[in-house]
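Chemist: The structure under discussion is supplied below as structure tokens; questions concerning it will follow.
The values are calculated or read from the model by the stated rules, or taken from the named source; none is laboratory data. Just so we're clear, the structure is a prediction, and the values are computed from it rather than from any experiment. Cβ atoms come from the backbone with ideal geometry, glycine included; neighbour counts cover every protein chain shown.
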């Protein structure tokens, strides 16, 4: 299932995830608080369904889901390692596996660092600056586990 990141419901969800109260969202957009609440309930269902579908497609046994934060924690069955699926406003739905990468020789080095910084910023999480995306991911996902 594709998440419509350009729809108003997703915008409401992203605002709430960043800590904006429903009443503030309603006031900013000139709509009722009830309309915001209904939209958020529907979006939470879509987020949860998307996370579950991604887990199923990637053979990840689910431990916990937090639809309001867009986080699924689980364990990859074929890779026998911890896995996290998360919703990023900028990067869509991402699946990450716990591993020790050889980041220095990886072609996706810059892309990984950008994604980790963007996702941390979306959640309002501070992570240490380092040149090692594996270390950044470990720190970020440890903090994400506390949110889930």
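Chemist: Report yes if residue 48 is assigned to a helix (DSSP H, G or I), surrounded by fewer than 18 Cβ atoms within 10 Å (Cβ to Cβ), touching a residue at least 12 places away in the same chain (Cβ under 8 Å) and within 13 Å of the chain's Cα centre (by Cα), otherwise no.
Modeler: Working: assigned to a helix (DSSP H, G or I): yes; surrounded by fewer than 18 Cβ atoms within 10 Å (Cβ to Cβ): yes; touching a residue at least 12 places away in the same chain (Cβ under 8 Å): yes; within 13 Å of the chain's Cα centre (by Cα): yes.
When the stated conditions are applied, residue 48 passes them.
Chemist: Could you say which residue among 80, 55, 14 is touching a helix residue (DSSP H, G or I) at 6+ places or on another chain (Cβ under 9 Å) and over 17 Å from residue 137 (Cβ atoms)? It would help to see each step written out before you state the result.
Modeler: On the way: 80 fails: touching a helix residue (DSSP H, G or I) at 6+ places or on another chain (Cβ under 9 Å); 55 fails: touching a helix residue (DSSP H, G or I) at 6+ places or on another chain (Cβ under 9 Å).
Step by step, each of 80, 55, 14 is checked, and only 14 is touching a helix residue (DSSP H, G or I) at 6+ places or on another chain (Cβ under 9 Å) and over 17 Å from residue 137 (Cβ atoms).
Chemist: Which of the residues spanning the stretch 99-127 are touching a helix residue (DSSP H, G or I) at 6+ places or on another chain (Cβ under 7 Å) and farther than 23 Å from residue 70 by Cβ?
Modeler: Correct list: 100, 101, 103, 109.
Chemist: Still on this model: Please find, among 39, 82, the residue that is surrounded by 17 or more Cβ atoms within 10 Å (Cβ to Cβ) and part of a helix (DSSP H, G or I). If you could, list the steps in order and put the result at the bottom.
Modeler: Working: 82 fails: part of a helix (DSSP H, G or I).
Of the residues listed, the single one that is surrounded by 17 or more Cβ atoms within 10 Å (Cβ to Cβ) and part of a helix (DSSP H, G or I) is 39.
Chemist: So which residues in the stretch 139-148 are in contact (Cβ under 8 Å) with a residue 12 or more places away in the chain and either more than 16 Å from residue 73 (Cα to Cα) or part of a helix (DSSP H, G or I) (or both), if there are any at all? Write out each step before concluding.
Modeler: Step one: list which residues in the stretch 139-148 are in contact (Cβ under 8 Å) with a residue 12 or more places away in the chain, which gives 139-141, 143-145, 147-148.
Hits for the stretch 139-148 are 139, 140, 141, 143, 144, 145, 147.
Chemist: If you don't mind, there's one more thing I want to ask. Can you give me the number of residues within the stretch 97-125 that are more than 15 Å from the chain's Cα centre (by Cα), part of a loop (DSSP other than H, G, I, E, B) and surrounded by fewer than 15 Cβ atoms within 10 Å (Cβ to Cβ)? Full working, then the answer.
Modeler: Taking the stretch 97-125 as the starting set, the residues that turn out to be more than 15 Å from the chain's Cα centre (by Cα) are 98-111, 113.
Now restrict to residues that are part of a loop (DSSP other than H, G, I, E, B): 98-102, 106-108.
Those left that are additionally surrounded by fewer than 15 Cβ atoms within 10 Å (Cβ to Cβ): 99-100, 102, 106-108.
Adding up the residues that qualify gives 6.
Chemist: Which count do you get for residues in the stretch 1-36 that are at pLDDT 90 or above and in a loop (DSSP other than H, G, I, E, B)?
Modeler: 7
Chemist: Which count do you get for residues in the stretch 12-23 that are closer than 16 Å to residue 68 by Cβ, free of Cβ contacts under 8 Å to residues at least 24 places away in the same chain and surrounded by fewer than 17 Cβ atoms within 10 Å (Cβ to Cβ)? Can you show your working first?
Modeler: First pass over the stretch 12-23, keeping only residues closer than 16 Å to residue 68 by Cβ: 12-22.
Remaining after also requiring free of Cβ contacts under 8 Å to residues at least 24 places away in the same chain: 15, 20-22.
Adding the requirement that they be surrounded by fewer than 17 Cβ atoms within 10 Å (Cβ to Cβ) leaves 20-21.
So the count comes out to 2.
Chemist: Looking only at the stretch 52-74, count how many residues are surrounded by fewer than 17 Cβ atoms within 10 Å (Cβ to Cβ) and touching a strand residue (DSSP E or B) at 6+ places or on another chain (Cβ under 6 Å).
Modeler: Qualifying residue count for the region: 5.
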